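Read the structure below first, then the notes.
Taken together, the values in this text are just the output of simple stated rules run on the coordinates, not laboratory data. Just so it is clear, the structure is predicted and the values come from calculations on it, not from any experiment. Ideal geometry is used to build each Cβ from the backbone, glycine not excepted, and the neighbour counts take in all protein chains shown.
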Amino acid sequence: MNKGINAWCFPESYSIDDIFKSARDHGYEGVELNLADDPSAPLPLNMNEGQLMDIKQEAVDAGLSLPSLSTDLLWKYPLTDEDESVREKGIAVVENMIWIAEVFEAKTVLVVPGIVNEQVSYENAYGRSQESLKKLLPIAEKAGITIGIENVWNKFLLSPIEMRQFVDGFESPNIGVYFDAGNVYPYGYPEQWIRILSNRIKSVHVKDFKSSVGNINGFVPLLAGDVKWERVTEALDEIGYEGFIIPEIPPHQQFHHPFMRILSETMDEIFPFKMRQGGQHE
């Protein structure tokens, strides 16, 4: 396994340079950037290839890889929306992510497959998500990028067996699962999901969850919640997972450096990483 970190773990004021320097200094091997529609964000929409290559080179210079790409734009433009024009915007976002991932030499793009709500029935969401992803699959296959379907609080694909069936239905190695161990905890057991999804898991997000809170405020830093991390690592080992482990935890605004140090040290305690930054074996 490799130790990565999502750019959302850093203060909003951080530039790309700040993010890469902090990640390097705290022993991370890779950074997951997030595509955004805010022009001041580290990775905004509509960047050209030259700008993207500059970001990639900055990562290389810092000794980091860019293993995957995320976004929150698929909450704004769901692939299952009632409005076809909204769905098309969501498809365009994922197309852009695939192109950026190809430039970055990343392997996976995180995709929220859709949202079930009062306006969108579960059955309609299932069909629209399939339809949208079938449009994206040839693009991902041509680029050599994997679409990682995330388990997230979207009232959709609520069991590991259903998610396995959904992914297998595309019959392509370029659609897999982006597994979030914290997201699943309120209604399941991460280790069970891992074993059922098995080699379909292409990347892993981690955060902890406090069951006594029971809502979105229950997401907490690693070891501050109820996730049984030994069971998680045992299950990942059983399925032979060798990819990145990437925390997705809001930063501490006043004490960022201690926050980053503690997060890095905690990850080293939980996960059997191949080596620390700088080539030192665990």
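Quick notes
- Paramagnetic reach from ASP61 in region 26-55 [backbone N under 15 Å; point 7 Å along Cα→Cβ]: 51-55
- Structural descriptor for the chain: relative contact order 20 percent, calculated from alpha carbon pairs under 8 angstrom and at least 6 residues apart.
- Cα pair distances of the chain binned at 5 Å [whole percent]: 1, 6, 13, 17, 19, 18, 14, 8, 3, 0, 0
- Cβ-derived FRET efficiency at R0 35 Å, ILE239 paired with SER212, nearest 0.05: 0.70
- Between ASP54 and PHE255, the C-beta separation translates, for a Förster distance of 30 Å, into a calculated FRET efficiency of about 0.45.
- One compactness figure for region 128-282 is 1.11, namely its Cα radius of gyration divided by 2.2 N^0.38 Å.
- Projected area averaged over orientations for region 30-83, convex hull of C-alpha atoms, nm²: 4.5 nm²
- Most mobile of ALA181, ALA140, ALA36 in a GNM of the chain (Cα contacts under 10 Å): ALA36
- For LEU45 and GLU269, the FRET efficiency from 1/(1 + (r/R0)^6), where r spans their Cβ atoms and R0 equals 25 Å, is about 0.10.
- Alpha carbon centroid spacing (whole Å) that separates region 63-142 from region 216-233: 27 Å
- Taking 0.36 nm per residue of sequence separation and removing the Cα-Cα distance, the GLU12/ASP168 pair yields an extension gain of 52.4 nm.
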